[in-house]
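*Asks:* Quick one: this structure, given as structure tokens, is what I'll be asking you about.
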Amino acid sequence: MDVLFDGLVDAIELLLSGDEDSWSIIALTLRVSLTATAIALLMGLPLGAIVALARFPGRRLLLAAANTGMGMPPVVVGLFVTVLLWRSGPLGGLGLLYTPTAMIIAQAAIATPIVIALVAAALQQVDPDFRVQMQALGASPIRAFAALLGEARLPLLAGAMAAFGAVVSEVGAAQMVGGNLAGQTRVLTTAAVLATSRGQFSLAIAFGMILLSIAFGVNLSLTLIQQQRTAPR
């Protein structure tokens with residue numbers, strides 16, 4: 001219990017002291033995780049809609065692949081991204097390995113299947129005749145699709161929360177493609193692992209508590225948006 005209490009005290013001190021290294025780690029964590037989540041939503045939303053609404057050969061196979069991707073071990077994703085970005089790899093000439101960009105790519109690859117699967121599941125729950133009825137009332141295909149997304153907005157927000165939760169708590173891929181370099185690619189999860197390996201348990205707990213606070217803050221914001229949408233008028 002003393003270690004947990006010391007970790008809580010250290011977390012508060014890190015935030016209040018204005019420690020440059022700690023705030024740099026927090027800022028990079030937010031930058032990487034939020035960017036990866038945004039990319040996953042931009043890619044996953046249209047792909048999930050296609051899988052849910054279109055009819056084409058291999059559709060069920062793609063949906064099964066997306067569902068499988070929800071349980072993909074992050075270290076496997078990290079391995080594939082590392083191979084792609086390695087010096088002798090297909091994208092090695094870009095020099096992205098051990099940079100925040102590589103971490104964003106890996107985390108976006110982790111989150112995108114989650115978004116695809118949850119978006120597809122959400123849209124499949126909407127009445128199949130809804131879009132047809134909207135078009136019959138004169139709505140363009142784009143407006144009909146927007147209305148369909150509005151009907152499924154609550155599970156779609158849940159998908160956004162799930163995607164962010166997956167990337168902000170991820171450590172394996174981030175460490176593999178980022179290298180946990182001080183001042184460059186060190187985020188809260190990899191900083192906590194490093195502190196633990198050094199026996200600095202209070203510091204590791206402090207990083208963990210800050211990480212939990214960030215995840216709670218983002219999910220609270222999305223939950224409030226979600227509940228406002230469902231509140232009776």
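*Asks:* Suppose accessible area is computed on protein heavy atoms with a 1.4 Å probe; arrange 88, 213, 33 from highest to lowest. Walk me through the numbers before you get to the answer.
*Replies:* Numbers: 88 105, 213 75, 33 5 Å².
Sorted by accessible area, descending: 88, 213, 33.
*Asks:* On to the next question. As a test of reading the structure, rank 45, 212, 63 by solvent-accessible area (1.4 Å probe, protein chains only), most first.
*Replies:* Sorted descending by solvent-accessible area, the residues read 212, 45, 63.
*Asks:* Ordering 161, 176 by how much accessible area each has at a 1.4 Å probe, largest first, what is the list?
*Replies:* So, going from the largest accessible area down, we get 176, 161.
The values are calculated or read from the model by the stated rules, or taken from the named source; none is laboratory data. From a predicted model like this one, the values you see are computed outputs, not experimental measurements. Calculation scope for accessible area: heavy atoms of the full protein, side chains included, ligands and nucleic acids excluded. Shrake-Rupley method; radii C 1.70, N 1.55, O 1.52, S 1.80 Å.
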